[in-house]
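Let me begin by presenting the structure, written as C-alpha cells, before commenting on it.
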Amino acid sequence: MFALVPKSRAHFEPDGLVSRAQGAYLGLAVGDALGATVEFMTPREIQSQYGEHKDITGGGWLKLKPGQVTDDTEMSLALGDAIVNAGGVNALSICQAFDDWLRTKPVDVGNTVRRGVVRFRTHGTPRGEVDEFDAGNGAVMRMFPVILASLGADRVTVARAAEVQAHVTHNAPLADAGMMAVAHMTQRALLNPDKAFADMLATAHELGVRSKKYIFTKKREENPSGFLPDTLRAVFQSFSRTDGFEAALIEVVNRGGDADTTGAILGMIAGALYGKAAIPKRWLNALDKNIHQACERQALQLLELSPILSEKPLRVET
Ligand code: MN
Ligand code: MN
C-alpha cells in the first residue's frame, strides 16, 4: 500500500526513521491516555490517590474508558488526514477537518479551539486575529503531522506549515515561538537521534533566552496550566531529567495540571528520540486499537509526503 522507496537505507532500518516517527505518534497517544486520568489534579492529590500514576486506566474527570484518548490525539489525527488528503498543508482543508471533528461531539474541546472553529464556521476565515491570550498549548498538542510532513524542508517552510495549522485557533507570537522550539526538537530527534539529546536541550534553553516567559528555573514546575510556557517548562524539565521514554512520561504526568497535554507533547518528543521499541508494551496494549492503527498508518503516509522521502517540496497553502 505504501510506496516507501528508501532513498537512504539507514532511514529504514527497524530502529530508523519509521520506528521513531511511529514512536512519536504512539508516544503522543499513550501520553494523552495516561495523563488524562490525572488531568487537573495536583501532584499531592495524585500521590494520595495513586501513589505513582503509571498505568493507562481511563477514568479521570472525563470518565474515559481505559486506553481512550482525548482532543490532543484526535485533533492530531484530524490534521494528519487533512494533510494526507490534500497532499500538503492547506489552510481550508485543515479548518474543514477541525470543523468536522468538532461535529463528532468530542469528549473534550478547549475553549480557544472551539472559538476558532466556530469563527471558521461562521465567517469562513482560516485564521484568527493575533491575540496574546491565545498562547495556550492547544496548537502544539496537535502539531505532530506538520512536523512529519515538513521533515527535510527548510526552516521557513516548517514555520509556515506549523503556523497555518496553529493560527486556525491560536494566533499568538509567544505560542508560535514555543511551537517552533518543539518542532525543531522533534525533527532533530527524528533525523539524528544519536546526537539529538544535547541539541534538543539547547533548543529549549535558547527559547528561554529569547522569550523570558519560557525561562527555565531550578524550581520544579508542578501543576502546569494550559499556558504554553508553563506546559513546556514541565515537559522540558521531565525530558531533561530522565533518560528513557517511560521514566520521562511518568515524571511529567505525575506533575498533574494539564497532564494529558504535557503527556502528549512529551510523549511525542521522547517517542521521536527513543523510538517505538522504547514505549512500554503495557501502554501500547492498553491504547485503543483504532487509535493505535491510525497513528502507525498516518506516520507512514506523512513521512511519504515529506521532502526528505519524496524529494519534493512540501506544498503549503495559506
Ligand atoms: Mn486533552
Ligand atoms: Mn489537556
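The values are calculated or read from the model by the stated rules, or taken from the named source; none is laboratory data. These figures come from a predicted structure and were not determined experimentally. Note that each Cβ is placed from the backbone with ideal geometry, even for glycine, and that neighbours are counted across all protein chains shown. Just so you know, the surface numbers come from the protein's heavy atoms only, side chains and all, with ligands and any DNA or RNA stripped out. Shrake-Rupley method; radii C 1.70, N 1.55, O 1.52, S 1.80 Å.
Quick notes on this one:
- Against the list (1) out of contact with any Phe, Trp or Tyr (no Cβ under 7 Å at 6 or more places or on another chain); (2) over 22 Å from Ser240 (Cα atoms), the condition His184 fails is (2).
- A count restricted to the range 292-308 and to residues that are surrounded by fewer than 21 Cβ atoms within 10 Å (Cβ to Cβ), out of contact with any Phe, Trp or Tyr (no Cβ under 7 Å at 6 or more places or on another chain) and of a type in the set (A, V, I, L, M) stands at 2.
- Across the range 18-67, the number of residues qualifying as hydrophobic (A, V, I, L, M, F, W, C) and part of a loop (DSSP other than H, G, I, E, B) comes to 6.
- Any hit, the range 3-16, residues being open to solvent by 40 Å² or more (accessible area, probe 1.4 Å), at pLDDT 95 or above and not in a helix (DSSP H, G or I): no
- The conditions of being open to solvent by less than 50 Å² (accessible area, probe 1.4 Å), β-branched (Val, Ile, Thr) and either closer than 21 Å to Arg315 by Cβ or assigned to a helix (DSSP H, G or I) (or both) are met by Thr157.
- All positions within the range 78-89 that are open to solvent by 20 Å² or more (accessible area, probe 1.4 Å), touching a residue at least 40 places away in the same chain (Cβ under 8 Å) and of a type outside the set (Gly, Ala, Ser): Asp81, Val84
- The residue list Gly128, Gly124 contains one member that is surrounded by 14 or more Cβ atoms within 10 Å (Cβ to Cβ), more than 18 Å from Val316 (Cβ to Cβ), more than 20 Å from the chain's Cα centre (by Cα) and away from ligand 2 (no atom under 16 Å from the Cβ), which is Gly128.
- Residue, surrounded by the fewest Cβ atoms within 10 Å (Cβ to Cβ), within the range 131-151, restricted to residues that are away from ligand 2 (no atom under 16 Å from the Cβ) and modelled with pLDDT of 95 or more: Leu151
- When restricted to residues that are in contact (Cβ under 8 Å) with a residue 60 or more places away in the chain and open to solvent by 10 Å² or more (accessible area, probe 1.4 Å), the range 256-288 contains 10.
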